[in-house]
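Please read the structure below before turning to the comments.
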Amino acid sequence: MELRTLLHEILEEVRPLQQQGQVAQYIPPLALVPRSKLGLAVVTLDGEVHAVGDAEEPFSTQSISKVFTLTLAFQQLGEELWQRVGREPSGTAFNSLVQLESERGIPRNPFINAGAHVVDDIVLSRYAEPRTALLDFVRCRAANGAIADVAAVAEAERETGFRNAALANFLKSFGNLERTVDEVLAYYFFHCSLAMSCVDLARSFAFLAHRGICPWTRERLLTPSQTKRINALLLTCGTYDAAGDFAYEVGIPAKSGVGGGIVGIIPDRLAIAVWSPALNAKGNSLAGTAALERFTTRSGLSVF
């Protein structure tokens, strides 16, 4: 079956699921996004783009952006990074405070919020212009110079970010932040507010499907070993505390965000991104997860 035809069929099959789940309510701008939005995009390593539905409409990336900051930090520190953040699934909510206190300020992995704060601290300490560094990175990877943050989303996150503030203060109290809490939080809210489309996200993740080399620029961003490690973390930690179920059902490394996006990779083949704002109980796109399960099952493409 032709790939675009398959994507169209999947999109229509999962549309009824958009009435289930709940659009994120705790960040006011996200609560206003219509649950009717639905997009799906596949980008192959030779540059082919297959996009259906609302795949070219930008939306709030939220936690998906943690993959970009992790890449920047890993480029700078290499394996030294893991002295400050772990590599294990958390088994708890992405904004849990209890685990961080009991484990004395070392977050379980870089994709829960506490881990992302440590990664952000590294980026802030290692780049002279950390916001510019991140924007340049994603714009180049996605081949879209118009990608930008959305100030209204960042401000809404700041106004409602009490748990993030608590996490950052815990980290600071245990000596695992070098910069101020306010600096770390501001950078976190900034990158979570990036607006990207499914096409942007699939293109920007393609280097992870290509052993660390950006297919469009031929630039090596990570070593093959580093790429393998990030992909392993995506598989085991990328979809909050539902990573086991997601791996069982979908079978690819992926990162989700509460904006309703999920983006994943199939090594040496492609990157795929889906957007549907209504979330399941674990904070992952409900229809989006179903779409990815159908794609890997029908195409026969997964890491298993």
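Out of everything in the range 65-84 that is within 17 Å of the chain's Cα centre (by Cα) and of a type outside the set (Ser, Thr, Tyr), what residue ends up being nearest to LEU185 (Cα to Cα)?
LYS66
Scan the range 42-64 residue by residue and report those that are under 17 Å from LEU286 (Cα atoms), outside any loop (DSSP other than H, G, I, E, B) and within 19 Å of the chain's Cα centre (by Cα). If you could, list the steps in order and put the result at the bottom.
Residues of the range 42-64 under 17 Å from LEU286 (Cα atoms): 53-55, 59-64.
Checking the rest, the ones that are also outside any loop (DSSP other than H, G, I, E, B) come to 53, 59-60, 62-64.
Within the range 42-64, PHE59, SER60, GLN62, SER63, ILE64 meet the criteria.
Given (1) closer than 16 Å to ARG84 by Cβ; (2) at pLDDT below 95; (3) in contact with a Leu (Cβ under 7 Å, 6 or more places away or on another chain), identify the lone condition not met by ARG104.
The failed condition is (3).
Quick one: what pairs do we get from the range 184-198, first residue modelled with pLDDT under 95, second among the small types (Gly, Ala, Ser) and surrounded by fewer than 24 Cβ atoms within 10 Å (Cβ to Cβ), C-beta under 6 Å, 6+ apart or different chains?
Pairs that qualify, where the first residue is modelled with pLDDT under 95 and the partner is among the small types (Gly, Ala, Ser) and surrounded by fewer than 24 Cβ atoms within 10 Å (Cβ to Cβ): there are none.
Looking only at the range 277-294, count every residue that is under 16 Å from LEU235 (Cβ atoms) and at pLDDT 95 or above and tell me the total.
4
Here are the criteria: (1) over 18 Å from LEU45 (Cα atoms); (2) in contact with a strand residue (DSSP E or B) (Cβ under 7 Å, 6 or more places away or on another chain); (3) not hydroxyl-bearing (Ser, Thr, Tyr). Tell me which single one ALA232 does not satisfy.
Here ALA232 meets the rest and fails (2).
Please return the ranges of helices (runs of 4 or more DSSP H) entirely within the range 147-195 where 1 or more residues are farther than 17 Å from ARG104 by Cα, more than 20 Å from the chain's Cα centre (by Cα) and polar (S, T, N, Q).
Hits in the range 147-195: 151-160.
Any residue at all in the range 142-158 that is over 20 Å from ASP182 (Cα atoms) and buried (at least 19 other Cβ atoms within 10 Å of the Cβ)?
Checking the range 142-158: at least one residue is over 20 Å from ASP182 (Cα atoms) and buried (at least 19 other Cβ atoms within 10 Å of the Cβ).
Identify, by number, the condition in (1) in a helix (DSSP H, G or I); (2) modelled with pLDDT under 95; (3) farther than 28 Å from PRO28 by Cα that TRP216 doesn't meet.
(1)
Sort through VAL33, VAL118 and tell me the only one that's at pLDDT 95 or above, part of a helix (DSSP H, G or I) and under 22 Å from THR239 (Cβ atoms).
Within the list VAL33, VAL118, the selection yields VAL118.
Within the range 274-282, does at least one residue satisfy the condition of being in contact with a strand residue (DSSP E or B) (Cβ under 8 Å, 6 or more places away or on another chain) and either among the hydroxyl-bearing types (Ser, Thr, Tyr) or part of a loop (DSSP other than H, G, I, E, B) (or both)?
Of the range 274-282, the ones in contact with a strand residue (DSSP E or B) (Cβ under 8 Å, 6 or more places away or on another chain) are 274-279.
Now narrow it down to the ones that are either among the hydroxyl-bearing types (Ser, Thr, Tyr) or part of a loop (DSSP other than H, G, I, E, B) (or both): 276-277.
Yes, the range 274-282 contains a residue that is in contact with a strand residue (DSSP E or B) (Cβ under 8 Å, 6 or more places away or on another chain) and either among the hydroxyl-bearing types (Ser, Thr, Tyr) or part of a loop (DSSP other than H, G, I, E, B) (or both).
I'm trying to understand the selection: among the residues of the range 106-122, which are among the β-branched types (Val, Ile, Thr) and more than 11 Å from LEU171 (Cα to Cα)?
Within the range 106-122, ILE112, VAL119, ILE122 meet the criteria.
State whether one or more residues within the range 249-256 are assigned to a helix (DSSP H, G or I) and either touching a helix residue (DSSP H, G or I) at 6+ places or on another chain (Cβ under 7 Å) or closer than 21 Å to PRO29 by Cβ (or both). Write out each step before concluding.
Taking the range 249-256 first, the residues assigned to a helix (DSSP H, G or I) are 249.
Keeping just the survivors that are either touching a helix residue (DSSP H, G or I) at 6+ places or on another chain (Cβ under 7 Å) or closer than 21 Å to PRO29 by Cβ (or both) gives 249.
Yes, the range 249-256 contains a residue that is assigned to a helix (DSSP H, G or I) and either touching a helix residue (DSSP H, G or I) at 6+ places or on another chain (Cβ under 7 Å) or closer than 21 Å to PRO29 by Cβ (or both).
Just wondering, is there one or more residues in the range 130-143 that are more than 20 Å from SER63 (Cα to Cα) and either of a type outside the set (D, E, K, R) or at pLDDT 95 or above (or both)? Give the derivation first.
Narrowing the range 130-143 to residues more than 20 Å from SER63 (Cα to Cα): 143.
Right, trim to either of a type outside the set (D, E, K, R) or at pLDDT 95 or above (or both) and you get 143.
Yes, some residue in the range 130-143 is more than 20 Å from SER63 (Cα to Cα) and either of a type outside the set (D, E, K, R) or at pLDDT 95 or above (or both).
The values are calculated or read from the model by the stated rules, or taken from the named source; none is laboratory data. Keep in mind that what you see is a predicted model, and the values were worked out from it rather than measured. Neighbour counts run over all protein chains shown; Cβ positions are idealised from the backbone, glycine included.
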